[in-house]
Structures are given as structure tokens and as C-alpha cells.
Amino acid sequence: MSDPTLYPVSDAWAARAHMDRNAYEAARIAARETPDHFWGDLSARLDWMTPPTTIKNVSYDKADFRIRWFEDGVLNVAWNCIDRHLATRGDQCAIIWEGDDPSVSGGLTYAELHRDVCRMANVLKDMGVVKGDRVTLYLPMIPAAAVAMLACARIGAVHSVVFGGFSPDSLCGRIEDCGSKVVITADEGLRGGKRVPLKANVDAALEKLAPEYRVQKVLVIAHTGADIPMIADRDIAYAAASEAVGDDCPCEPMNAEDPLFILYTSGSTGKPKGVLHTTGGYLFWASYTHELVFDYRPGEVFWCTADVGWVTGHSYCVYGPLANGATTLMFEGVPNYPDNRRFWQVIDKHKVEVFYTAPTALRALMRDGDEPVKATSRASLRLLGSVGEPINPEAWRWYHEVVGDGRLPIVDTWWQTETGGILVSPLPGATDLKPGSATKPLPGVELELVDAEGVVLEGAVSGNLVITDSWPGQMRTVWGDHQRFFETYFAAYPGKYFTGDGCRRDEDGYYWITGRVDDVINVSGHRMGTAEVESALVLHDDVAEAAVVGFPHDIKGQGIYAYVTLNAGVEATDDLKKALVTHVRKEIGPIAAPDAIQWAPGLPKTRSGKIMRRILRKIAENDVGSLGDTSTLADPSVVDDLVRNRTGAP
Ligand code: 6R9
């Protein structure tokens, strides 16, 4: 077949997989009809200090709202990810580390991971960190990042990892929101041959903190060895501190519903939300989905290219693989440094068996043709995965035919920071593939498509994607704002979790995620709230008002298009555009930098003053033939001006 639309499960996969078609169908029914029994049995995949007797306790009703899984169970995440493997795989590599510089790599066995995690846990304890305290991590992609996460988990501290690409301002906001008294960072990071001044950013962030949020200690890991200023009584060099402690640290018994981590993510309004995940349900889901979706077998080398600053890095670089006793690869660098063969060379170097990356990386590499890929063997690979945004069929086929030599299934995995782990994905032994479709929900994931009024849509149709029941990995609250949690996810369609995504279901019951239907844009697989970028822009002295929308971008999936109204008397120059881009990079971080800025003398507003983003989106997409009804605008003529002066979006 030259251009098949269906890629059937091979006999070999059906035979080897954890779940074949029949097992999948049976699990779907069992999870729906006898959830306590189904999940209760499966919960034994974790090691419990006290096994749970109550399995599922969930209500999405406003009056009686609660989400609890395995609630009387007691366990420790670090025990499950490390200690329980020591007897059988102490000498197995737990983490392979590949540095930004191709001549630098390393790693840790499970025994070494145990030693390092215990030491860091003891250092944290000596610094006064106790169960329930929040600890902010601002680290490069080095094994110490996983060690720090697990050290927190070991003593019951709640980690909040902030992506190293976020600015000091963003870091400051996240430290204040969760009230961390301790920050763990490194001297510098390395990405694509460039140094990332992590410690300097932490210093700048802490200077901006309001006094009541004063951070007491900063633990600094030496990575590049840069000569950085240390502040007496606040900064602690990790190397020396870890020499002073023992390498044994008991695991704190944690209730299944005790918090494990907070991870900030962008929403459609306001500042980023602190998504809270708990101990039992989250770890269970990360572990279960890692095994099922990637059909993971002990001893295989698993590589998820995401940074631990994102949820994908949490669940599939660290928690899922380590809970399953895997060898997980951590890569510090970027796909095109020193050149565009890097991913494939790393696969050959470390004999990677499962490779999990984002469509934006594939689209960027695809531009350079097949030759860089074909220069490598990739013979060790047996499965490919995709995550973060819809994968366009063209990129899917390139991934399948060129990267996978036409022989590997692709699991296109749909999920969110909020869901803790994968919810919709093919299973390699059970699901025929369609390029561009995340295919079908995992057992226990009950999807519906609804219209704007909440009417349930049947059959082959497009609508808003909602989930009618709970799964163990679901987030439990927005840190410090339970009301916002309910309002954001459960108020739009009572009794259902609203994903924020639009979706089509085809005649075979396959799901095709079409993208966000709210004011969140997905830039290179990273979520960005339009409101956040707008707030950053209006902080600039010359800006009166700003409106930000997404537009289709060949590589990034979506780009950021900003309409900016300047203060009276300010001259609209190209230099000012550049200054605004720099300003947003500084306020939020490089991922938020606008791809296009258009000067807008006026913005299209309703008479009640609401900006009509629908129109701004159309103009940014250069789809000006179908602007729809503009008669409700206070001043319809602003639209003509915007259309006339549309910026040639890249
Ligand atoms: C894991 C992660 C979540 C949003 C989500 C959706 C988009 C993620 C996708 C996908 C289509 C896929 N998304 N995976 N869209 N197909 N396979 O990315 O979490 O950063 O919270 O983003 O990403 O729009 O709602 P997060």
C-alpha cells in the first residue's frame, strides 16, 4: 500500500503485548462495571506499606465533590521507584545520562540512585525540610533532577519543578504561590552548547520575592563548575553537604492521597495553576500506563525526550519508568546540536528500544530530509511515541517510514498535566493505527463529546472532549484554590471533567484531537495562556493594550500572534517590536516570545468591552474571508484596519 490509512496490529505485536485486542475490550468493560475490583487487583503492582481497602471514592457533584483513590493505602514513591528493585536489579542502570556535549555521558545504577537519593534526602532533612513542605526545583536535565524529585518523595516533601527555560519572574511567581522555603538549583545548565544561568536566575527571582515568602535555603548542585557567587547563610553547595550526611534514609510512610508534587501549567485565565498530584493514584497511573502503552518489558532502554520541567518528564522520564524498574534515558541537549543527527545517534549509542518525543521536534527534523536519519542504524528501536500536540499525518508518516523504517508502531498519546498520565492512545498489540489519531481511550477512561450547551453528541461527530468518570492519575486540586479547580474543570458541564480540547470521533470510534477550544495555545507542545502573554506585554511602558491569539505554525504547531495598542505618542517601529519580544522573553521565558506582532490602533470589542478573539484569530490565520458577524462590535471599522495591516505571519 502506498498511502494506507490504517496500519493494522501485526501478529508479532498481538502475540507479545501485555494487552491484545480481546484483553483490551475486556479491561474496558471491567474498569467500567466493576471499578473497585478491577483497580483494586491492579493496585498490587505497587508496593504498599498498608494496602488499600477502599479503592475508588469519587463524586463530581458540586455538593459532594471529592476525588480519592486507594485512600486508606500507605506507601512511599521513592521506595516503589528504587528500594523495591534493589534485590533484583541493584546493578542495572536506572538512569542513562546523555549530556549536551556528545562526548559526555554517564548514569546511575539502581544502587547508586538509592545512595544519591538517600544522601540528598538527608541533606534536605538537615536543612529543616519536613513532610508536607514545598521544595522548588529549577534544574537542568541531569540525573540530579530525578534524584531531587525522589529525595523529596522519600521524606514526604512536595516538589514543584519549574522548567529551566522560565524567567526569574515566572520562577518567583511559582515560588510565592506554593510557599517554598527551599530551592534546589544548579550553577548552570547546558543546551545546544549554550549556558543557561540557572543560579543567577534563582538569585534574581529571590530578590523579587515579597518578604513574607522569603526563601531560607538554596541548594546548589555543581554541574558546569562555573564560578558563581554564593550567598552566605542562604546558599549551600550540594557536593560538600552530601559528604556530611549518611547514605541511608528511611522512607516516610505516605497516605495515598498525600501530595506528591505541584506542577504549574497555563490555563485560559489568570496566572498559571499549581496542578496537584497525589502519591498513590498518580504513581499507579504513571506506572500502569508506561507498561501498557509502551508495552514495557524489564531491562529495556526507554527514552522520553521531554524535560522534567513538564509533566511528560515527570511521568515518563522519572516516575513511570523507575516504578517499573526500567532503564530511563535523560538527555540534556537539543535535537539539532551539534547537528540534526543527534537524536538518532543517541538511540544507536545507548541502544534505545522505545523512543517518545513531540511532533514539533519531528517537524523541525523533517525539514532537513531523510539523510541525517538514514546515516544512523536505529536497529534497537521497537516502538515510537508522540505527545504534546496533534501530530499531522505528514509528520506521522515520516516518523513511521523514515525514523521507524516502516516497521514500528507509533503510539500517539493524548493527555494533559491534569491527567497525570496517558488517557487516549493506541496499545501496540491491540489497536490498529490511523495517522493523526490518538485512537481510543485506555481502560477506565470514559470519553464523551458534547456541544457548547452540554448536549451529548453520538456517532461520528465533532465536539468538546469531556470525561465522565475519574481515573487514578487525575489531579486532585489547584494548589491553594480548590474553588478554581472545580470552576475550571467541572462547572462547564456538570458531572463531567472538561478537557479544554476539541475533538472529532470517526465512524470507527477513533478520537482525533483537534486542539484547544479555550484561550490556551500550544506552542511546540508547550501550553501557554494568551492571558499570560497579554499581561506581560502590558507591563511594558509603551503598551496600552494587547490581545494574543494562536495561529498555525509549520514547526511549532501554533505560533503566538500579538495585537498591540501603543500608548498615545509612542512611535510604532520595528525596533519596538523587537523590544517587546525581548520583554516577553524576560517576563515569562523564551517559549512565550511572540512570533508576530501587529500594531492595533484599536481592538475589536463588543459594546460591553469584551475583546472578540474569534475575529483576531481569523485575521492571524489570514482567513479574512469568513470573519462572521461583526455587527455586535462597538466599532466595526477597527476590523477593516486590522485586516488591511495584517502582518505577514511567519
Ligand atoms: C502531556 C501534555 C496538554 C494539551 C492537551 C492537548 C495537547 C497533548 C496530545 C495533544 C493532540 C496529542 N495534547 N497530547 N493534542 N494529540 N497526542 O502535553 O500535557 O502540557 O498539559 O498539554 O496538549 O491540547 O490539552 P500539557
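General remarks:
- Given (1) assigned to a helix (DSSP H, G or I); (2) farther than 30 Å from residue 194 by Cβ; (3) without any contact (Cβ under 8 Å) to a residue 40 or more places away in the chain, index of the condition residue 641 fails: (3)
- Pairs with Cβ under 6 Å, 6+ apart, first in region 247-260 and within 17 Å of residue 84 (Cα to Cα) and assigned by the TED database to the domain that holds residue 114, second modelled with pLDDT of 95 or more and part of a strand (DSSP E or B): 253/74
- For region 289-301, the condition holds for at least one residue, the condition being that it is away from the ligand (no atom under 16 Å from the Cβ), assigned to a loop (DSSP other than H, G, I, E, B) and touching a Leu at 6+ places or on another chain (Cβ under 8 Å).
- Every residue from region 302-319 that is part of a helix (DSSP H, G or I) and within 30 Å of residue 483 (Cα to Cα): 311, 312, 313, 314, 315, 316, 319
- Residue list for region 490-505, restricted to those being within 16 Å of the ligand (Cβ to nearest atom) and farther than 13 Å from residue 468 by Cβ: 492, 500, 501, 502, 503, 504, 505
Residues checked against (1) buried (at least 22 other Cβ atoms within 10 Å of the Cβ); (2) within 12 Å of the ligand (Cβ to nearest atom):
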site	(1), (2)
352	yes, no
357	yes, yes
374	no, no
378	no, no
387	yes, yes
396	yes, yes
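To keep it simple, each residue is scored yes or no on (1) free of Cβ contacts under 8 Å to residues at least 60 places away in the same chain; (2) more than 14 Å from residue 441 (Cα to Cα).
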| site | (1), (2) |
| --- | --- |
| 471 | no, no |
| 474 | no, yes |
| 479 | no, yes |
| 484 | no, yes |
| 488 | no, yes |
| 492 | yes, yes |
| 496 | no, yes |
| 503 | yes, no |
| 510 | no, no |
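- Subset of region 266-302 [modelled with pLDDT under 95 and either touching a Ser or Thr at 6+ places or on another chain (Cβ under 7 Å) or small (Gly, Ala, Ser) (or both)]: 266, 267, 268, 270, 272, 299
- Test for residue 206: is it assigned to a strand (DSSP E or B), surrounded by 14 or more Cβ atoms within 10 Å (Cβ to Cβ) and at pLDDT 95 or above: no
- Residue count for region 383-407 satisfying the condition of being in contact with a Pro (Cβ under 9 Å, 6 or more places away or on another chain) and either more than 25 Å from residue 502 (Cα to Cα) or not in a helix (DSSP H, G or I) (or both): 10.
- Filtering region 532-550 to residues that are out of contact with any Pro (no Cβ under 8 Å at 6 or more places or on another chain) and within 16 Å of the ligand (Cβ to nearest atom) leaves 549, 550.
- For beta carbons closer than 6 Å, sequence separation of 6+ or different chains, a first residue in region 379-392 that is in contact (Cβ under 8 Å) with a residue 40 or more places away in the chain and a second that is more than 7 Å from the ligand (Cβ to nearest atom) and not in a loop (DSSP other than H, G, I, E, B), the qualifying pairs are 383/354; 385/356; 385/411; 389/359; 389/557; 391/359.
- Residue check, residue 76 under 30 Å from residue 112 (Cα atoms), surrounded by 12 or more Cβ atoms within 10 Å (Cβ to Cβ), in contact (Cβ under 8 Å) with a residue 40 or more places away in the chain and in contact with a Cys (Cβ under 6 Å, 6 or more places away or on another chain): yes
- Considering residues of region 450-473 that are over 23 Å from the mean Cα position of the chain (by Cα) and under 25 Å from residue 358 (Cα atoms) only, the residue surrounded by the most Cβ atoms within 10 Å (Cβ to Cβ): 463
- Of the residues making up region 175-201, those that are of a type in the set (A, V, I, L, M), in a helix (DSSP H, G or I) and within 19 Å of residue 274 (Cα to Cα) number 1.
- For residue 562: the one exception among (1) more than 23 Å from the chain's Cα centre (by Cα); (2) away from the ligand (no atom under 16 Å from the Cβ); (3) surrounded by fewer than 20 Cβ atoms within 10 Å (Cβ to Cβ); (4) not in a loop (DSSP other than H, G, I, E, B): (3)
- Whichever residue in region 608-621 is in a loop (DSSP other than H, G, I, E, B) and touching a strand residue (DSSP E or B) at 6+ places or on another chain (Cβ under 8 Å) and, among such residues, is nearest to residue 582 (Cα to Cα): 621
Quick grid of which residues meet (1) at pLDDT 90 or above; (2) assigned to a helix (DSSP H, G or I); (3) under 34 Å from the mean Cα position of the chain (by Cα); (4) closer than 22 Å to residue 534 by Cβ:
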| residue | (1), (2), (3), (4) |
| --- | --- |
| 603 | yes, no, yes, yes |
| 625 | no, yes, no, no |
| 635 | no, no, no, yes |
| 647 | no, no, yes, yes |
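- In this structure, residue 300 qualifies as under 26 Å from residue 9 (Cβ atoms), outside the structural domain of residue 178 (by the TED database) and surrounded by fewer than 24 Cβ atoms within 10 Å (Cβ to Cβ).
- Test: residue 151 is under 22 Å from residue 321 (Cβ atoms) and more than 23 Å from the chain's Cα centre (by Cα): no
- The residue that is nearest to the ligand (Cβ to nearest atom), among those in region 434-448 that are over 21 Å from residue 59 (Cβ atoms) and in contact with a Ser or Thr (Cβ under 7 Å, 6 or more places away or on another chain), is 438.
- Any hit, region 241-259, residues being modelled with pLDDT of 95 or more, more than 30 Å from the chain's Cα centre (by Cα), small (Gly, Ala, Ser) and not in a loop (DSSP other than H, G, I, E, B): yes
- Of note, residue 630 does not satisfy the criterion of being in a helix (DSSP H, G or I) and in the same structural domain as residue 562 (by the TED database).
The values are calculated or read from the model by the stated rules, or taken from the named source; none is laboratory data. This one's a predicted model, so the numbers in the text were calculated from it and none came from an experiment. We place every Cβ from the backbone using ideal geometry, glycine too, and count neighbours over all the protein chains shown.
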